[in-house]
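**Q** To start, I am sharing the structure in question, which I have written as structure tokens.
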Amino acid sequence: MEQKVQSAKKRELMYWYLASRGVPKSLHCLCLKLAEEYAVNAMARSCLPPPEHVSRLADTSFNHIVLLTDNVLAASVVISSTVENAANPEKLVFHIVTDKKTYSPMHAWFATNTLKSAVVEVKGLHQYDWSQEVNVGVKQMLEIHHLICSHYYNNLKENDLDYGGEHQNFLEALSPSCLSLMNHLRIYIPELFPELNKIVFLDDDVVVQHDISSLWTLDLNGKIVGAVVDSWCGENCCPGRKYKDYLNFSHPVIPSHLDQDSCAWLSGMNIFDLEAWRRSNITSSYHKWLKLSLNSGFTLWQPGVLPPSLLAFQGHVHPIDPLWQVAGLGYRSSSAGGQILEAAAVLHFNGPAKPWLEIGSPEVRSLWSRHVNFSNSFIQKCRVLH
């Protein structure tokens, strides 16, 4: 009976991850309705940003925020929550990069739901004119990531679930982020925005609760990325996972000087010094690690974008205050209490249970859903979150 209970728990966890791969009918409806609006309504095709604000897109005196996403609803929550809590929203410039299929609905949403003060740019990947070198690099990166995820996905066998063992690395292969083009493109942010020198990067599964303008004046002490490393819960716990949860330290290729018990820095909300990044070899180092993973038979780390980033950015991370970001809200249980959740500048719903899914935790979903524009006619027609 104990074996059956353990088997049932593992199956439930697998189904939970599988459910996270689905697109809710309401979100699919929203994209279709907005794409139709883009086709028939000239206002939905109007310039983003308006011509009088185009100069802000490359003006480094403004605060630039980057989102790489194909989720219209999630992008709307990130932007509305950031603007709502900003001390000076007129200083904000949002750069949304999306794929070709989502470009029309994404553009239609922000063209018809204009912000009074901040500027929003929506750009599709098909509108970039990259060099042959970058195109080849992106293609190779995606191919290797797909091979890594396929390797773990194909090893997710029934007998693994029945007879115990370590399944977390296999289950990570079921995560939508594992195969997400937009998720993996963050390593090419300097090429996406060649005219910018400092940006805040936000994942589409975050919600902003406080003013974040001081991030742009933060001294990174010569480092490339500012990220939460230490935890609000004290010395003996991490804000996310440890290095050993991502990397296979038994493999000789993984650097021995890395402390496997040290906390991995959090993605989801980061400040990047793009000028310092361009002077470094971060992107080429990232590709080097991908090729090493390929040659090792995909045994260096778990699937995902963060493990090779941990290796490529090693020594280039500046720790920031733990309350800049509280993560893990997309998992079943979060150790963060109510006071911590209220104090955090950014809440990150990383994990399978995104707040727009039915499997999302009702205890924390309201922190995200209160920024959804339920008065919007498309939200109402598609019965989003009903």
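The values are calculated or read from the model by the stated rules, or taken from the named source; none is laboratory data. The structure presented is a predicted model; accordingly, all values stated were derived computationally and were not measured. Counting neighbours? That spans all protein chains shown, and the Cβs are built from the backbone with ideal geometry, glycine included. Heads up: the accessible areas ignore ligands, DNA and RNA and are worked out on the full protein's heavy atoms, side chains in. Shrake-Rupley method; radii C 1.70, N 1.55, O 1.52, S 1.80 Å.
**Q** Between TRP301 and residues 5 or more places away or on another chain, which pairs have amide H atoms under 5 Å apart, with H built 1.01 Å from N, and which residues are they?
**A** ASN248
**Q** Write down the percent of antiparallel bridges among all DSSP beta bridges whose residues are both part of the chain, to the nearest 5.
**A** The antiparallel fraction comes to roughly 35 percent.
**Q** May I ask which residue of SER377, VAL78, ALA58 lies farthest towards the positive end of the charge dipole of the chain, with charges of +1 (Lys, Arg) and -1 (Asp, Glu) on Cβ and the Cα centre as origin?
**A** SER377
**Q** For the chain, modelled as a GNM with alpha-carbon contacts under 10 angstrom, which of HIS95, HIS316, HIS251 fluctuates the most?
**A** Its mean-square fluctuation being the largest, the pick is HIS251.
**Q** Counting only protein heavy atoms, what percent of the accessible surface of the chain is carbon or sulfur at a 1.4 Å probe?
**A** Using a 1.4 Å probe with all protein chains present, the chain comes out at 50 percent carbon and sulfur.
**Q** A further question on this structure: Starting from the Cα of THR60, step 7 Å along the direction of its Cβ; do the same at ARG21; then give the gap between the two resulting points in nm.
**A** Calculated label separation equals 4.4 nm.
**Q** In deg cm²/dmol and to the nearest 500, what is the mean residue ellipticity at 222 nm of the chain if only DSSP H runs of at least 4 residues count, each as -39500 (n - 2.57), divided by the residue total?
**A** Taking each H run of at least 4 residues, the total per residue is -11500 deg cm²/dmol.
**Q** Could you tell me the calculated FRET efficiency between GLU358 and LEU32, based on Cβ-Cβ distance and R0 = 25 angstrom, to the nearest 0.05?
**A** Between GLU358 and LEU32 the formula returns 0.80.
**Q** If you don't mind, there's one more thing I want to ask. Please list, by residue number, every one of the chymotrypsin sites (Phe, Trp or Tyr not before Pro) in the range 257-346 that is coil in DSSP and has at most 16 other beta-carbon atoms within 10 Å.
**A** TYR331
**Q** I've got another one for you. Distance in nm between label sites at LEU258 and LYS244, each 7 Å beyond Cα in the beta-carbon direction?
**A** 1.4 nm
**Q** Right, here's the next one. Would you list which lysines come within 27 Å of LYS288, measuring only between C-alpha atoms, while excluding same-chain residues fewer than 8 positions from it?
**A** LYS139, LYS198, LYS223, LYS242, LYS244
**Q** Taking the Cα centre of the range 1-382 as the origin and placing charges on Cβ (Lys, Arg +1; Asp, Glu -1), which of ASN183, TRP289, VAL206 is farthest toward the positive end of the dipole?
**A** Farthest along the dipole direction, towards plus: ASN183.
**Q** Give the dimensionless ratio obtained when the Cα radius of gyration of the range 1-382 is divided by 2.2 N^0.38 Å.
**A** 0.98
**Q** Run through the range 78-124 and list the trypsin sites (Lys or Arg not before Pro) located in a DSSP loop whose Cβ has at most 15 other Cβ atoms within 10 Å.
**A** LYS116
**Q** What are the ³J(HN,Hα) values, in whole Hz, obtained from phi via the Karplus relation 6.51 cos²θ - 1.76 cosθ + 1.60 with θ = phi - 60°, for each residue of the range 347-357 in sequence order, with x given for Gly and Pro?
**A** 9, 10, 8, 5, x, x, 7, 5, x, 8, 9
**Q** Go through CYS29, GLN132, ILE271 and say which Cα lies farthest out towards the positive end of the charge dipole of the chain; charges sit on Cβ, +1 for Lys and Arg, -1 for Asp and Glu.
**A** Most positive-ward Cα: CYS29.
**Q** Rounded to the nearest 20 Debye, what is the dipole magnitude of the range 206-262 about its Cα centre when Lys and Arg each give +1 and Asp and Glu each give -1 at the C-beta?
**A** 200 debye
**Q** Size of the dipole of the range 268-386 about the Cα centre, Lys and Arg at +1 and Asp and Glu at -1 on the beta carbon, nothing else charged, in debye to 20?
**A** Using Cβ point charges on Lys, Arg, Asp and Glu, the range 268-386 gives about 420 debye.
**Q** Another one. Sort TRP356, TRP232 from largest to smallest accessible area, using a 1.4 Å probe on the heavy atoms of the protein chains.
**A** TRP232, TRP356
**Q** Oh, and also: Explain nothing, just the number: dipole magnitude of the chain about its Cα centre with +1 on each Lys and Arg Cβ and -1 on each Asp and Glu Cβ, in debye rounded to the nearest 20.
**A** Roughly 760 debye for the chain.
**Q** What is the distance in Å between the Cα centres of the range 117-133 and the range 325-380?
**A** One Cα centre to the other: 28 Å.
**Q** On to the next question. Assuming 0.36 nm per residue, please report the length gained on full extension of the stretch ASN135 to GLN380 beyond their Cα-Cα distance.
**A** Result: 84.2 nm gained on full extension.
**Q** Estimate the FRET efficiency between MET1 and GLU52 by the formula 1/(1 + (r/R0)^6), using the beta-carbon distance for r and 51 Å for R0, to the nearest 0.05.
**A** That gives a FRET efficiency of 0.15.
**Q** In Å², and per residue, what accessible area does the range 1-382 have when probed at 1.4 Å with the other protein chains present?
**A** Value returned for the range 1-382: 46 Å² of accessible area per residue.
**Q** Run down the lysines and flag those whose C-alpha is under 16 Å from the C-alpha of LYS123, throwing out any fewer than 8 positions away in its chain.
**A** Output for LYS123: LYS100, LYS101.
**Q** Helices from the chain with mean Kyte-Doolittle at least -1.0 and a Cα length along the axis of 30 Å or more, per DSSP H: which?
**A** Sorted by number, the helices that extend far enough and score high enough are 132-154.
**Q** Could you go through the range 240-248 in sequence order and give the Karplus-derived ³J(HN,Hα) for each residue, using 6.51 cos²θ - 1.76 cosθ + 1.60 with θ = phi - 60°, rounded to whole Hz, and x for Gly and Pro?
**A** With the stated coefficients, the range 240-248 comes to x, 10, 8, 4, 5, 6, 10, 10, 8 Hz.
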